[in-house]
Amino acid sequence: MRNQNKVDIFHTSIWKGLFSLLRGKTGFKIHIKDFIPHPTLIKKVFTIGLPASVGQSVTAIGFSIIMGVVANFGPIVISGYGIGNRINNMVIMFAMGMSLATGAMAGQFVGAGIPEKAEETVKKSSLLTFVVITVISTFLFFFGQHITKFFIDDPAVIAVGKQFFNYVSFSLPFFATMEVFIGTLRGTGHTVLSTIVDMVRLWGIRIPLIFFFADLFGYVGIFYAMIISNISAMCLAYVFLRLGNWKEKVVEEYE
């Protein structure tokens, strides 16, 4: 009976809300013409959103290929790499949050015609991200073996995990800063540029180098490829921000 009352109250609230919107007494009013598709606006949405969507899909395929290379070295390397990668992903969550915030703020400033504020936001956000991730990476560099041991107490896996953190943690600040730069490009609507950075990092640099270095140096070659690709991608994203037109509006006002 109590649940039924909650459902009735929920439905009543929905109808009251719709009625209020249709009456236009709350500051704005919904018109029938608002439900008519706007071809120009829909085209712009696809123009901005499609490159990022395709990029994410292709990136997922690329990481599957990388895992295939890692798997060739056996369960010990898979375990050490897997633990290290999971920890790295947790660390990068900070950068992802900063990336979303920076993209939103930069997009608002560019849309409002204040590009200098957008540039200031990117500078401060990227610097903060680099410093914070550097501190965390330093901790991972010195205590990576203990983190690995917490999950799997196997000397061989711990050795691989230690190598992973000793090598890859060096490039984490660059990868994190790249995420802020990419977030800026996405937030201002320049998703083609952000997708180019992702594609170059993974398909243009990391995957070819992984195949090449894995033959030369074994599984440690995978770590070399990750370092090079992360630093190179950050440099490319920085070039796009310095020389690109990301401070120009890509969305016009629509009636």
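The values are calculated or read from the model by the stated rules, or taken from the named source; none is laboratory data. Remember, predicted model here, so these are calculated numbers, not experimental data. We place every Cβ from the backbone using ideal geometry, glycine too, and count neighbours over all the protein chains shown. Just so you know, the surface numbers come from the protein's heavy atoms only, side chains and all, with ligands and any DNA or RNA stripped out. Shrake-Rupley method; radii C 1.70, N 1.55, O 1.52, S 1.80 Å.
How high is the FRET efficiency between Phe46 and Lys124 when r is their beta carbon distance and R₀ equals 30 Å, given to the nearest 0.05?
Computed FRET efficiency for Phe46 and Lys124: 0.35.
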Worksheet, complete the sentence: So the FRET efficiency between Val192 and Phe151, C-beta based with R0 = 35 Å and rounded to 0.05, is 0.35
Item to complete: Order these peptides, 237-247, 102-112, by their mean beta-carbon neighbour count within 10 angstrom, highest first.
Response: 102-112, 237-247
Worksheet item: Using the per-residue mean of other Cβ atoms lying within 10 Å as a proxy for protection, in what order, highest first, do the peptides 124-133, 161-170 fall?
Response: 161-170, 124-133
Discussion item. Tell me the carbon and sulfur percent of the accessible area for the stretch 50-198, rounded to whole percent, probe radius 1.4 Å.
Written reply: 73 percent
Practice prompt. Please go through the residue pairs Lys33/Lys249; Lys124/Lys247; Lys44/Lys124; Lys43/Lys249; Lys44/Lys123; Lys43/Lys123 and name each one whose alpha carbons sit more than 20 Å apart in this structure.
Written response: Lys33/Lys249; Lys44/Lys124; Lys44/Lys123; Lys43/Lys123
Response to the item:
Note to self: C-alpha centroids of the stretch 213-235 and the stretch 33-51 sit apart, in Å, by 40 Å
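How large is the accessible surface per residue of the chain, computed with a 1.4 Å probe and reported in Å² as a whole number?
Averaged over the residues of the chain, the accessible area is 58 Å².
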Fill in: Kyte-Doolittle mean at least 0.5, axial Cα span of 24 Å or more - DSSP H helices of the chain
39-71, 75-111, 115-151, 220-243
Discussion item. Highest mean first, how do 207-216, 224-233 rank when packing is the count of other Cβ atoms within 10 Å averaged over residues?
Written reply: 224-233, 207-216
Discussion item. Let me make sure I get this right: for the stretch 33-128, a, b and c are the square roots of the gyration tensor eigenvalues over alpha carbons, sorted descending. Under 1.5 in a/c it's rounded, otherwise prolate if a/b > b/c, else oblate. Which is it?
Written reply: oblate
